[in-house]
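This report concerns only the one structure given below.
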Amino acid sequence: MPFDWKGLVKSIAPTIGTALTGPLGGVAGLTLTKVLGLDEASARDEKALEAAIQGASPEQLLALRTADQDFAVQMQKLGFENIQALQAIQAEDRASARDREVKVQDWTPKALGIAITIGFFALLVFLMRREPPAGSRDILNIMLGSLGSAWIGVVSYYFGSSAGSARKTELMSPGK
């Protein structure tokens, strides 16, 4: 199964991920290249972006989350109102998922959240205490990046928006 790098970007950075597939794809690609330390020519090279996302460090993935908030503010200032509408739809989708969980009392989201959290921090502790086997270093880094991204999703799901998102809302409000 091929690696869904655009899906991963969309889960970490929803505004950039959505813009990648639309008319703002070039601008979103440039934002990705800056965060991932690539040259500007890579912004249009899907293979280069895929490889960079696949090998991204946890720090780069967190920087991508911050870049997404900055990107949303920048697009708002440039008059792209549809980005805000898209974010409202995504917020509604999350609220719907939370409502479903309350009504159905399904244990699966909680179990997945716990498993992702334990897996993420267990792998972090392992990598801090031991030198990974030479042939496994890359795959462990990819796994750490994926678990870190999933953990960000778990935290966002259970605890809502971040302080950075609140700041973005403050900046986008009239009179600022």
Residue by residue through segment 45-54, note down the ones that are of a type outside the set (S, T, N, Q) and more than 13 Å from VAL35 (Cβ to Cβ).
-> ASP45, GLU46, LYS47, ALA48, GLU50, ALA51
From the residues in segment 68-112 that are at pLDDT 75 or above and in contact with a helix residue (DSSP H, G or I) (Cβ under 7 Å, 6 or more places away or on another chain), which one is farthest from LEU20 (Cα to Cα)?
-> GLU101
Write out, first by first residue and then by second, each pair whose Cβ atoms fall under 6 Å of each other, whose residues are 6+ apart or on separate chains, and whose first residue, in segment 46-72, is touching a residue at least 60 places away in the same chain (Cβ under 8 Å) and surrounded by 18 or more Cβ atoms within 10 Å (Cβ to Cβ) while the second is among the polar types (S, T, N, Q) and part of a helix (DSSP H, G or I).
-> LEU61/SER149; ALA72/THR15
Scope segment 42-75; condition among the β-branched types (Val, Ile, Thr) and over 23 Å from LEU147 (Cα atoms); matching residues = VAL73
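The values are calculated or read from the model by the stated rules, or taken from the named source; none is laboratory data. This structure is a prediction, so every number in the text was calculated from the model and none was measured. Backbone-built Cβ (ideal geometry, glycine too); neighbour counts: all protein chains shown.
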